[in-house]
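Quick notes on the structure that follows.
The values are calculated or read from the model by the stated rules, or taken from the named source; none is laboratory data. From a predicted model like this one, the values you see are computed outputs, not experimental measurements. Cβ: placed from backbone, ideal geometry, glycine included. Neighbour counts: every protein chain shown. Just so you know, the surface numbers come from the protein's heavy atoms only, side chains and all, with ligands and any DNA or RNA stripped out. Shrake-Rupley method; radii C 1.70, N 1.55, O 1.52, S 1.80 Å.
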Amino acid sequence: MARIDLVDLAHSYLSQPPDATHYALKPMTMHWRQGGAYALLGPSGCGKTTLLNIISGLVVPSQGQVLFDGRDVTRLPTEARNIAQVFQFPVIYDTMSVRQNLAFPLQNRGVPAAEIEARVKEIAELLDLGNALDRRARGLTADAKQKISLGRGLVRADVAAILFDEPLTVIDPALKWELRSKLKALHRRLDLTMIYVTHDQTEALTFADTVVVMHDGAIVQTGRPNELFDRPEHTFVGHFIGSPGMNVLPARVEGRTAEVGGVAVELARAYPAQPAGRRIEIGIRPEYARLTASGGLPVRVERIDDVGRIRFARVRLGAASLSVVAPRGVPVEGDRALLALDAHQIHVYADSRRLEGAA
Amino acid sequence: MDKPINNAAWFLILPAFLIVLFNAVIPLMTVVNYSVQDTFGNNQFFWNGLGWYQELLDPSSELGGRFFASLGRSAMFSAIILAIEVPLGIMVAMCMPRRGIALALSLVFIAMPLLIPWNVVGTMWQLYARSDIGLFGWTLNAIGIPFNYTNDTLAAWTVLVVMDMWHWTGLIALLCFAGLKSIPDAYYQAARIDGASRWAVFARIELPKLSHVLLIGVLLRFMDSFMIYTEPFVVTGGGPGNATTFLSIDLVKIALGQFDLGKAGAMSIVYTLIVLAVCWVFYTVMVTGQNKGGRG
């Protein structure tokens, strides 16, 4: 069982990085509580796999510490840490049977044969691999192979955390749901810390109780899925989560009014004047901006996309362009329509960071 | 799906058919023809049926004794060089740098011997191993190890085996290097997490992933070494005595030295059948191995 702390951690793949832009991972301090289901979410190249490899010990960070239950393991090799990792592509030992694959980590650690046998059986049942134990691992399907990879981690009694590096990439879409629910069930049952790296927001939001969003080598927000959706602390989180992402519009903010593209928009909170030179933007999710029959701001409709369950419209508000919900039955005359914004869901950002207004 | 049938299409394979006919089928049939006849020159041939084959496969006859002796030497030579070159090639491949200029340089150095013509290799080693002016032979003698491949069987075999290692270990190394490069990093990382020893990584990950390239490598090296002719011909000429007279050398001696076309024909056919049989076994092993992989 372990609580994982990252203290002032940073990593660069260069030995003498000239400046901050050459860091794959910018300095960060982060705590992962025992038993949490975390998702590390971010686009390719944001440093999430580097972070994962530092936790697992495959990469030694340039600076900072990794603590497992307060014990410094920064320089400990991966086999000496009580973690397991599941990779993007299933890793199995081709020439061995499923049983031998599952027993392998225990054999390497000199566990007695009787104990190995019992443990392998238990884990195989847990993963529904019970009746495939004596088959050669090489001929199995990708999802079964991925279960074996996971099983080789679970089989070790001392494992405190399991790290997943985009584990569903090669799995059929139909099986992805199934495997993901299996993971959730395992998490509830086994009280293990799980850290799941992905660039797929659906995977992250459905798997994790805490989502860590990374951007450009830094953690930009940590929170529950609904927090990320309703209160994005960084414009990147707004963009990245949600489909379509949050509208981020350059604005001038004074007190309770924002001026966007030459149009005044009411805010729910008051914001102090910001020093000159800061980039001020407002953000609103398309779900909280909808076309309405009466009592809204006049906009010009450029395009309507019907995605089945809901319709999104691309509209122009003065000079600014944004995505909004177009409920069925709301009149659009020519390209003229009215737009209602939910003032409580408008966020103000200074240099991409959210400002807390005063009520 | 219905495929149109047009017999004119046979003409399209005619060129390939003619080439195979003239460079394989007709020469082989000529040899078959010789192997069932005897001649005393002047293009006069006498029917001998399976006589030559009976004599060849009977170890108590003069021809049979000679045949089995050279067959034994050939098999021994192939066994020795496979036993040395395969493990050595794997080791070289594992020690090679993985990237950068060092990789480019080592690839060039390893590939260099592969590009040298066989008779040049033979000549190089013939000179290199000489006890009077050759660096290798002279040095051995100078440090007190008597070495003369013209009258010592062990020395002659040593020269041929070392020469073949120098010439062909690079092939195994290059094949294995390509095989090793294709193993994703995740396998090594997973093995570390599983606490696998270096030996377990080799036996459980690297060797299984190399098995296909190794089979091809072993097959190529077996055929080449079992049919080797040029290098021993240049270096030892089959001597001292008959100590390095491999099947191919003996065959040429019988066919062109003694002009026994019938005996040589029968020997050629049996020689070819042995090579074919071994290749067939290899092929079967490879194909069934792959199918097993598919079915699990």
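Would chain B count as rounded, prolate or oblate if I go by the C-alpha gyration tensor, calling it rounded below 1.5 in a/c and otherwise prolate when a/b exceeds b/c, oblate otherwise? Oblate.
For chain A, the Cβ-based charge dipole about the Cα centre amounts to some 300 debye (Lys, Arg positive; Asp, Glu negative; other atoms uncharged).
As a rough guide to protection, the peptides B:138-145, B:70-77 ranked by mean Cβ packing within 10 Å, highest first, stand as B:70-77, B:138-145.
Taking the accessible area of chain A, probe 1.4 Å, and keeping the other protein chains in place, the carbon and sulfur fraction comes to 50%. Buried on complex formation within region B:185-199 (loss of at least 30 square angstrom of accessible surface versus the isolated chain, 1.4 Å probe, ligands and nucleic acids ignored): B:ALA186, B:TYR187, B:GLN189, B:ALA190, B:ARG192, B:ILE193, B:ASP194, B:GLY195.
Computed over chain A, relative contact order equals 16 percent, with contacts defined as Cα pairs under 8 Å that lie 6+ residues apart.
Computed over neighbours whose Cβ is under 13 Å from that of A:SER12, the net charge equals 0, Lys and Arg +1, Asp and Glu -1. Projecting the Cα atoms of A:GLN201, A:LEU183, A:THR222 onto the charge dipole of region A:170-236, computed from C-beta unit charges around the Cα centre, puts A:LEU183 farthest toward the positive end. For the protein assembly as shown, the percent of C-alpha pairs falling in each 10 Å distance bin, counted from 0 to the bin holding the largest distance, reads 3, 11, 15, 15, 14, 13, 11, 8, 5, 4, 2, 0. In this structure the protein assembly as shown gives 49 Å² per residue of accessible area when probed at 1.4 Å with all protein chains present. Annotation for A:ARG33 and A:ASP230: the two label points, set 7 Å from Cα along the Cα-Cβ direction, are 1.9 nm apart. Net length available on complete extension from B:GLN258 to B:THR230 is 8.2 nm, with 0.36 nm assigned per residue and the Cα-Cα distance removed.
The slack between B:ALA24 and B:PHE40, meaning 0.36 nm per residue of separation minus the straight C-alpha distance, is 3.1 nm. Among the protein heavy atoms of chain B, carbon and sulfur supply 71% of the accessible surface, probe 1.4 Å, non-protein parts ignored. Taking a sphere under 11 Å around the Cβ of A:LEU322 and counting the other residues whose Cβ falls inside, with K and R at +1 and D and E at -1, yields a net charge of +2. Taking the DSSP beta bridges with both ends in the protein assembly as shown, the antiparallel portion is around 75 percent. Charge tally for A:THR49 (other residues, Cβ to Cβ under 10 Å; Lys, Arg +1; Asp, Glu -1): -1. Net charge dipole, region A:189-232: roughly 80 debye, given to the nearest 20, about the Cα centre with Cβ charges of +1 for Lys and Arg and -1 for Asp and Glu. Peptide A:133-143 shows a mean partner chain C-beta count of 2 within 10 Å per residue C-beta.
Rounded to the nearest whole Hz, the Karplus-based 3J(HN,Hα) values (6.51 cos²θ - 1.76 cosθ + 1.60, θ = phi - 60°) of region A:43-59 follow the sequence x, 4, x, 8, x, 6, 5, 4, 4, 4, 5, 5, 5, 7, x, 6, 10, with x at glycine and proline. Remark: accessible area buried at the B-A interface is about 2000 Å², both chains counted, probe radius 1.4 Å. A simple spin-label model places the labels of A:SER181 and B:TRP118 6.6 nm from each other, with each point 7 Å out along Cα-to-Cβ.
Between A:ALA276 and A:ALA142, what's the calculated FRET efficiency when r is the beta-carbon distance and R0 is 60 Å? Round to 0.05. Efficiency computed from Cβ-Cβ geometry: 0.60.
Between A:THR21 and B:MET94, the C-beta separation translates, for a Förster distance of 41 Å, into a calculated FRET efficiency of about 0.65. Listed by chain and number, the lysines whose C-alpha is less than 28 Å from the C-alpha of B:LYS263, apart from same-chain residues fewer than 8 away, are B:LYS253. Look at the stretch A:84-97: the mean tally of other chain Cβ atoms within 10 Å of its residues' Cβ atoms is 5. The mean number of partner chain beta-carbon atoms within 10 angstrom of a residue's beta-carbon across peptide A:72-78 is 1.
In the protein assembly as shown, the calculated helix contribution to ellipticity at 222 nm averages -13500 deg cm²/dmol per residue, counting -39,500 (n - 2.57) for every DSSP H run with n ≥ 4. Simple point charges give the picture: +1 on the Cβ of Lys and Arg, -1 on the Cβ of Asp and Glu, and for the protein assembly as shown a dipole about the Cα centre of about 1420 debye. Maximal additional length on extending the A:ARG252-A:ASP209 stretch stands at 11.9 nm, based on 0.36 nm per residue less the C-alpha distance.
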